[in-house]
Amino acid sequence: MDEIFGIPAPLLFGQLLLGLINGAFYALLSLGLAVIFGMLNVINFTHGAQFMMGAFVAWMLLNWAGLGYWWALLVAPLVVGLTGVIIEKTMISRLYKLDHLYGLLLTFGVGLVIEGVFRNEFGSSGMPYRIPAELQGSWDLGFMFMPIYRGWVVIVAIVACLATWLVIEKTKIGSYLRAATENPALVQAFGINVPRMMTLTYGAGVALAAFAGVLAAPIYSVNPQMGANLIIIVFAVVVIGGMGSILGSVVTGFTLGVIEGLTKVFWPEASSTVIFVVMAIVLLTRPAGLFGRA
Amino acid sequence: MSEIHRRGLLGAVAAAPLAGALPYRPARAQAANTIRIGLLTDFSGPFRDLNGPNSIAATRLAIQEFGNRGFNVEMVQADHQNRPDVGVNIARQWFDRDNVDMVLNLAASSVALAVSELARERNKVAIATSTATSDLTGRACNANTIHWVYDTYMLAKVSGLATVRAGGQSWFFITADYAFGHALERDTANFVRQAGGRVLGQVRHPFPGTTDFSSFIVQAQASRAQVIGLANAGADTINSIKQIGEFGVTRRGVRVASLLLFITDVHALGLQTAQGLVCANTYYWDLNDRTRRVAQRVLQLSGADMPVAMSHAGDYSATLHYLKAVADMGVAAAKASGRDVVARMKRMPTSDDAFGEGTIREDGRKMHPAYLCEVKRPEESRGRFDYYKVLQTVSAEEAFRPLSEGACPMVRS
């Protein structure tokens with residue numbers, strides 16, 4: 001029990017746990033992407049920039065308005081979600097009739113512009129943001145010291161994922177949403193305002209990204225590129241889980257976090273590649289993704 | 001990775017009509033009397049803050065202070081996005097078409113090595129002020145290149161050795177998995193062993209694209225090393241330090257040796273997180289009246305809310321010395337041969353407000369003292385950018401690699 005594959009067991013447990021924590025970020029981000037893709041059929045490449053905006057809004061709230069972390073968890077997603085609504089209304093909504101590729105190009109461009117603006121304003125090395133006092137410190141789990149904040153991230157992420165799933169699967173709004181995904185014209189004929197629903201869905205997906213951004217601010221460098229680094233992995237997660245599948249993105253997010261964590265022990269140099277290897281294998285054997293419908 | 005070639009794009013858009021329809025090149029007589037300096041660096045990526053706007057201002061400051069001594073000086077700038085292919089393309093265009101005589105800064109080691117080679121081919125001047133690899137004055141040295149400010153050997157010796165002497169005997173490295181990280185780890189490990197310390201292990205993290213270092217931190221803890229050596233840079237270092245703090249590693253008596261830490265990184269971390277870290281610098285803005293004056297004037301010109309780092313000071317110092325050499329030998333001779341300019345620069349002692357008095361060695365190494373600095377506690381900091389206290393001054397000869405050990409082919413043993 002002392003060693004597993006030549007690695008001390010405590011170290012391995014630690015890595016599994018850390019993998020799960022990273023998986024929480026992947027799950028939150030890919031969830032937003034999946035919701036947006038499922039409803040709007042738009043591959044939202046602005047997602048990384050919106051994640052970054054969430055972290056920056058948290059920083060701004062603290063430094064300019066004196067509002068701390070807990071307020072930021074509430075306000076930042078609202079503010080960034082609102083910018084998402086504006087982007088959807090003024091730009092993305094014009095592209096629904098066109099090929100996926102146009103939405104992808106547009107959101108990619110918007111993301112670059114947003115990152116450029118932040119870089120010009122704040123530089124590239126980032127802003128300091130502290131862990132809130134209530135969540136500082138660490139627990140001694142016996143096999144490792146677990147920072148309390150990381151535990152908090154996992155719990156919050158799981159709650160957020162569950163809540164999103166419940167809203168979409170178990171509420172009336174969710175049922176409209178799913179119906180509109182299947183057949184927008186028919187749902188509109190029943191008197192439901194589908195365009196507004198799409199706008200709000202995009203706003204909600206974006207808000208989820210911003211929420212993840214606030215969660216990330218105390219542990220990752222708050223800089224304009226922080227989203228660009230994560231977003232590529234998150235896209236791989238969405239593809240592996242099956243585009244638009246909510247359950248798929250959540251399960252895959254956590255699983256890939258763990259796989260990546262284990263790679264960091266056995267072969268650290270490959271840890272940024274392993275997710276793409278998994279993606280290639282999944283695409284070869286199940287092109288629609290693990291949870292997707294072909 | 002996904003960076004758009006912003007400056008390049010703007011430059012191309014601006015230059016396209018000029019290059020085509022309008023005669024862009026200045027009149028021949030005027031061009032012959034104009035020295036053009038090309039600032040080639042990272043304006044949009046992870047190394048933007050330690051170069052970027054303050055580098056433009058520092059170079060401009062040197063040009064302003066130099067004044068008009070019978071010839072004009074112009075500056076152009078471009079973003080190489082830390083990609084050697086992009087950097088070499090821009091430099092080639094500058095040398096071949098735009099009459100640029102000297103390229104400055106260069107930043108990322110990979111770009112610097114490539115552009116330095118091009119400068120040799122075209123007989124122009126390359127001055128690296130923000131580059132780390134000590135190979136630039138070692139195996140890859142040439143007669144057209146000068147390496148200012150710092151290198152991996154100096155970092156390893158000054159900050160690595162100081163950590164060993166302070167009682168950090170056993171080390172674990174967290175290393176960026178590319179040439180720069182490997183070089184820094186290798187150089188530091190050598191000093192650790194020489195001083196009687198031990199290296200217990202290392203982990204190589206992918207570059208770029210690593211945001212979470214928790215796994216590596218836990219591995220370092222498991223090794224029971226007394227020191228975690230960070231052989232990475234920029235955002236990677238910032239993320240590592242932030243997360244080491246989160247895991248409470250330092251509270252359990254483990255030291256962190258941030259081998260390459262710029263003041264801009266400290267600014268990003270905040271003193272609360274960065275306090276107590278030790279780092280090697282060759283310029284700190286608050287050393288004396290002269291260094292303070294340089295920083296103040298650079299910030300006046302750039303208007304940036306970003307401390308003046310040693311790389312910025314290097315741009316100022318290198319430009320000033322280059323222009324002095326050009327004035328000394330005459331513009332025509334300087335434009336004819338970059339090799340001759342570099343030779344002249346090596347013969348002249350350097351003197352400026354940023355680095356004080358210094359020399360340039362045969363292998364292209366600019367020699368000046370180094371300072372071992374410690375990041376202040378928040379309550380010790382008295383004002384804007386008041387981040388360091390200087391623990392120790394190390395003479396140039398002691399800080400930089402001895403000429404004989406560099407394996408530079410130009411050095412006759």
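The values are calculated or read from the model by the stated rules, or taken from the named source; none is laboratory data. Since we're looking at a predicted model, the values are computed, not measured. Neighbour counts are summed over all protein chains in view; Cβ atoms, including those assigned to glycine, are modelled from backbone coordinates with ideal geometry.
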Next item on the list: State which residue is surrounded by the most Cβ atoms within 10 Å (Cβ to Cβ) when the search covers only the stretch B:399-411 and only residues that are outside any loop (DSSP other than H, G, I, E, B) and in contact (Cβ under 8 Å) with a residue 24 or more places away in the chain.
Entry: B:399
Note to self: Cβ contacts < 8 Å: first residue more than 16 Å from residue A:165 (Cβ to Cβ), restricted to the stretch A:8-37; second residue among the acidic types (Asp, Glu) and assigned to a strand (DSSP E or B), any location; separation 6+ or different chain. Result?
What the structure shows: A:9/A:3
Checklist line | One residue from B:363, B:386 being of a type outside the set (Lys, Arg), within 26 Å of residue B:264 (Cβ to Cβ), in a loop (DSSP other than H, G, I, E, B) and not assigned by TED's automatic domain parsing to the domain that holds residue B:157 | finding: B:386
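Residues are listed down the side, and each one gets a yes or a no for (1) farther than 20 Å from residue B:163 by Cβ; (2) in contact with a strand residue (DSSP E or B) (Cβ under 8 Å, 6 or more places away or on another chain):
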residue: B:228; (1), (2): no, yes
residue: B:241; (1), (2): no, yes
residue: B:247; (1), (2): no, yes
residue: B:263; (1), (2): no, yes
residue: B:286; (1), (2): yes, yes
residue: B:302; (1), (2): yes, no
Item checked: Matching residues in the stretch B:309-348 - criterion: being within 23 Å of residue B:153 (Cα to Cα) and not in a helix (DSSP H, G or I) -> B:309
Notebook entry, point to check: Taking the stretch B:238-250, which residues are of a type outside the set (Lys, Arg), in a helix (DSSP H, G or I) and at the interface with another protein chain (Cβ under 9 Å from one of its Cβ atoms)?
Noted result: B:238, B:239, B:243, B:245, B:246
Notebook entry, point to check: Where residues in the stretch B:186-213 are over 16 Å from residue B:156 (Cα atoms) and over 27 Å from the mean Cα position of the chain (by Cα), which of them is surrounded by the most Cβ atoms within 10 Å (Cβ to Cβ)?
Noted result: B:200
Notebook entry, point to check: In the stretch B:174-206, how many are assigned to a loop (DSSP other than H, G, I, E, B) and facing chain A (nearest Cβ under 9 Å)?
Noted result: 2
Margin query: Any residue at all in the stretch B:274-292 that's in contact (Cβ under 8 Å) with a residue 12 or more places away in the chain, part of a helix (DSSP H, G or I) and within 9 Å of another protein chain (Cβ to nearest Cβ)?
Written below: yes
Next item on the list: Quick one: count up the residues across the stretch A:119-142 that are more than 9 Å from chain B (Cβ to nearest Cβ) and assigned to a strand (DSSP E or B).
Entry: 2
Notebook entry, point to check: Across the stretch B:56-88, which residue is farthest from the chain's Cα centre (by Cα) among those that are surrounded by fewer than 16 Cβ atoms within 10 Å (Cβ to Cβ) and more than 16 Å from residue B:318 (Cα to Cα)?
Noted result: B:70
Notebook entry, point to check: Taking only pairs six or more apart or across chains, which ones have beta-carbon atoms under 9 Å, a first residue in the stretch B:223-237 that is more than 30 Å from residue A:227 (Cβ to Cβ), and a second residue that is basic (Lys, Arg) and surrounded by fewer than 24 Cβ atoms within 10 Å (Cβ to Cβ)?
Noted result: B:225/B:198; B:226/B:255; B:227/B:255
Check: For residues in the stretch B:220-235 being buried (at least 24 other Cβ atoms within 10 Å of the Cβ) and facing another protein chain (nearest Cβ under 9 Å), which is farthest from residue B:279 (Cα to Cα)?
Finding: B:235
Next item on the list: From the list B:265, B:315, pick out the single residue that is of a type in the set (Asp, Glu), buried (at least 20 other Cβ atoms within 10 Å of the Cβ) and either closer than 12 Å to residue B:386 by Cα or assigned by TED's automatic domain parsing to the domain that holds residue B:107 (or both).
Entry: B:315
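Determine, yes or no, whether residue A:72 is assigned to a helix (DSSP H, G or I) and surrounded by 13 or more Cβ atoms within 10 Å (Cβ to Cβ).
Yes; evaluated as a whole, the condition is true for this residue.
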